[in-house]
Every structure is written in structure tokens, then in C-alpha cells.
Amino acid sequence: MATVTRSEGGIMKVQAKKVQVTDEIRQAVLAQLDNAVYYGGEQCFHFERELAAYVKAEHALALNSGTSALLVAAMAVGVRAGDEVLVPANVYDTSAEIPAFLGAVPIFCDVEADTANVTAETLAARLSPRTKAIILTHMYGHPADMDPIMEMARTHRLPVIEVCAHALGAEYKGRRVGAIADVGVFSLGSKNISVCGSGGAVSTNSTEKDREMELISRHGWPRVPIDESFFRMVPFADSPMAGMFPLERDPVRAGLNLQLDEIPCAVGRIGLRSLDEWNERRRYFARLYGSLLKDAMVPVRPLSLKPWALHSYLHYVVRAERRDALLHFLWERGIETRVHYPTLLPELRYYREHFPTSPDLYPVARQLNRDVLTLPVHPWLTDREVEYVVGRVAEFYHALR
Ligand SMILES: Cc1ncc(COP(=O)(O)O)c(C=O)c1O
């Protein structure tokens, strides 16, 4: 792909993502380096509580990646070798890799064309007596239609994991995603709606599942109950080990160490405070794209926005005629467009070989896969950049006339 700068012959560089490192973030990182508590400390303690409060869930655990988060969630809801797990055909690799890693079978489900999400119907179409769980993704930041999905899942006694990697801050009928299904999973890395720069998290309203996920992710050591006063009374406060919250070092199960470090937790606490404002900016640019694309009269249609959805727009996704040629045309003009995701899960090599699935079982996902395109959206975009992108889209189609 061509590398371009703003000054090259009227070409603007429009990035898909940006991060903003404020002085507050710099200071927080330096303070953590000085204090030398690298994990399991005060920042993690507070970040978990603040994240749970943000999504309005009873509990949250900060973990070192979204993949670790989905692993502990799947184990905690009881996914075992030989089980079938329903997953959307069009999402990120983790949703298939975690069941497969646990010896279970990912069963790929179709999605609806409007939002690219699974529905109660597309999930029910792939139920079998071996189905053990549902792992769904709120695709691009648009919540799946959770009420009918949860009703169907309850009827069949299936736990549901909602992957909110695209959707931190999105709402379904006024409820934040992450607190609707049995477990919410977040990836906090900067390719997603980032508050940390890296990491992941789980959220749940079930104390039992929270405990199990904590044991899996922290060596199987039971927690010792503490409150924030603990950190003010630490003896040997200058010693790195002293500021770590206590766990009873006597495992009740085999576990792993999947905790999120203190530095990303400290950064995450700052990011959480700005998240609503950032998501509002994303929604503003989505509306601007929508109205400019409509006026441009081009064969490009944004995915739908359901009346009950508060979209977080990690991605602004359109369906476009001649998608691949358009993508190339936009890259050459400095616009960082992508396809999320270029290959459907059942068509990736490993899943094709080990879990062969007829393409007739996911026709809508296949159609979307041919024509979806992600246009740049992030909180620091400008109106001028959106106008430039839509201008280039119009130029592409007008040249074809
Ligand atoms: C879009 C997306 N990105 C990433 C991940 C995995 O997270 P990470 O990259 O933090 O391991 C997930 C988890 O399911 C996801 O859905």
C-alpha cells in the first residue's frame, strides 16, 4: 500500500485509529514505575471495581488479554472437551480458538444482514443435544438483540458469553453490554475500544462465576477479602511485594497467572472516565458519514442502527458495491480502510480442516463478507476528514459512470 502524508498532492492521511496520551496518563505510568508494584496491587483493585461499576455488573476481573478473558469465561461456564459451542461465523478468531483449545467444537452460526450479529433464530438453527454454550460478539459495537437470545438460551439451559471487544460502553435497551449475559468479555487493547493500551477483562453478576474466574486466573489461590484501606496500611510500603493484595497461597484448583499489570490498570482507570465522551464522538462521526453518504448518492449503505441500540462504533461499517476496488482506491488516497474480518472463521485453514462446515449454513455472513468495508472512525477524527473520505468514495463511483 502507498504511504502518503497530508502534504502530498492534496492527499490527506486519514488514520483508522488514534491514541491520545495525556500528561495525566504519562504521570500515572511514571508513578507506577516508581512505586514498583507491577501486578496485583492498588491499581488493579480499583480498576476492577471501576470497570464493574461502568458496565453496571456486580464483578469484574482485569486480565492480561481478551483471549485470556474468553478462556477463563468459557472454563467458568463449563465448556469441556467434546461440547459444542455456538459462535458467529463472522467474528474475530478468539471465539473459535477458545472452544477448540479446550477440545470443544465451534459450531459456526449465520448472522442477520442488518447488523452482522447473530440472532435467536440463527443460533437456534444450529442447536444440537451436544450444545453446551453460546459465545456471541456485539459486532462492530452494535449490540446483538439480547432478550430473545437470552430467552432461547434459558429454555435450553445454555450459558451465554457476550464478547464486548468492540462494544465497551454500548447499550442494549438502556443496559450496558457486559452485564446482560452470564459473562461479559472485553479486550482492552488499542485495536479495540481501548481504555488501557493492552489487556482484557471479564464481568459477571454471578459471584460463583467471578470466584471461579479469579481462581483460574490467579493460580487457584482463594482471595483474602480486603477493602481499599488495605493499601494505606501496607507495612514496608517501599518494598515492591508489599503493595500486592493478599491471596491465600494454598490452591483449591489448578490455575494460571493471567492478571493484568498495574500500569495498564492505572491507564485504564483514566481512560474509563473519558469513554462516554469518546463513544459520543464516534456516534457523531457515524451520523456525519451517514448523512454525507446519503447526499453523495453512491451505492454504499451503512449497516442498520436498531432503535434500541446505543452503538459504540468501534467500526463504522458500510456495504459497498465493488468493495475490493473501492478499498484499494481509498488506500491510494491515504485513507486507512479495512475489512472486518477478511476471512470467515469456518474458512480459516485450521477450522476448515478440523471443523468442516458447509457454506450453505452461513449464507448471510458470506454475502456480508463480500461487501463490508470499515471506514475510519475514532474520537479524534475531524469533519474535514469525514468529508474527504466521502468525497473520495463519490469520486470512485462517479469515475465508473
Ligand atoms: C475483536 C476482538 N479482538 C480481540 C479479541 C481478543 O483479545 P486480545 O487481542 O486482547 O487477546 C477479541 C476477543 O474475543 C475480539 O473479539
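Spacing of the modelled spin labels on R338 and K13, each 7 Å from Cα toward Cβ, amounts to 1.7 nm. Along region 352-368 the Karplus relation, 6.51 cos²θ - 1.76 cosθ + 1.60 evaluated at θ = phi - 60°, assigns HN-Hα couplings of 4, 6, 9, 9, x, 9, 5, x, 5, 8, 9, x, 6, 4, 5, 5, 4 Hz to successive residues, with x for each Gly and Pro. For G41, the residues whose modelled amide H falls within less than 5 Å of its own, excluding neighbours fewer than 5 places apart on the same chain, are F245. Over the chain, how many pairs of lysines fall under 14 Å by alpha carbon, counting only those 8 or more apart in sequence or from different chains? Lysine pairs, 8 or more places apart or on different chains, close enough: 4.
Using only Cα atoms, find the angle between the long axis of helix 146-155 and the longest principal axis of the chain, and express it within 0 to 90 degrees, rounded to the nearest 10. In the chain, helix 146-155 runs at an angle near 60 degrees to the longest axis. A Förster distance of 51 Å, applied to the separation of the beta-carbon atoms of T22 and T155, puts the FRET efficiency at 0.60.
Return the single residue from H46, H142, H59 with maximal mean-square fluctuation; model: Gaussian network over the chain, springs between Cα atoms under 10 Å. For the chain, modelled as a Gaussian network with Cα springs under 10 Å, the answer is H46. Which of A144, A96, A28 moves the most in a Gaussian network model of the chain with Cα springs under 10 Å? Greatest mean-square fluctuation among the candidates belongs to A28.
For region 2-108, the gyration tensor built on C-alpha atoms gives an oblate shape. Its axis ratio a/c (a ≥ b ≥ c) is at least 1.5, and a/b is not larger than b/c. Label-to-label distance, K294 versus A53, with points set 7 angstrom from Cα along the beta-carbon direction: 3.9 nm. Counting neighbouring beta carbons within 10 Å and listing from fewest to most, the residues F101, F245 come out as F101, F245. Region 301-337 and region 12-74 have their alpha-carbon centroids 28 Å apart.
Convex hull volume of the C-alpha atoms in the chain, normalised per residue: 146 Å³.
With the simple model of a label 7 Å out from the Cα in the direction of the Cβ, D276 to D93 spans 3.7 nm. Of the peptides 115-121, 298-304, 337-343, 86-92, the order by per-residue mean of other Cβ atoms within 10 Å, starting with the highest, comes out as 86-92, 115-121, 298-304, 337-343. The angle separating the long axis of helix 42-55 from the principal Cα axis of greatest extent in the chain is about 50 degrees. Report, to the nearest 10°, how far helix 23-35 tilts away from the longest principal axis of the Cα atoms in the chain, using its own Cα long axis and a range of 0 to 90°. Orientation of helix 23-35: about 30 degrees from the principal axis. Under 5 Å from the amide H of H340 lie the amide H atoms of T374, each residue being 5 or more positions distant or on a separate chain, with H modelled from the backbone and absent for Pro and chain starts. Once you reduce region 203-236 and region 351-378 to the center of their Cα atoms, the two points are 40 Å from each other. For region 1-151, relative contact order (Cα pairs under 8 Å, six or more residues apart, normalised by length) works out to 16 percent. At full extension, A254 and T382 could sit 41.1 nm farther apart than now, given 0.36 nm per residue minus the alpha carbon distance. Each Cα pair under 8 Å and six or more residues apart adds its separation to the average, and for the chain the resulting relative contact order is 24 percent.
Each reported figure results from applying straightforward, stated rules to the coordinates on display, with no laboratory input. Since the structure is predicted, the reported quantities are computational estimates derived from the model, not experimental observations. Methodologically, a virtual Cβ is constructed for each residue, glycine included, from the backbone with ideal geometry; neighbour enumeration extends over all protein chains shown.
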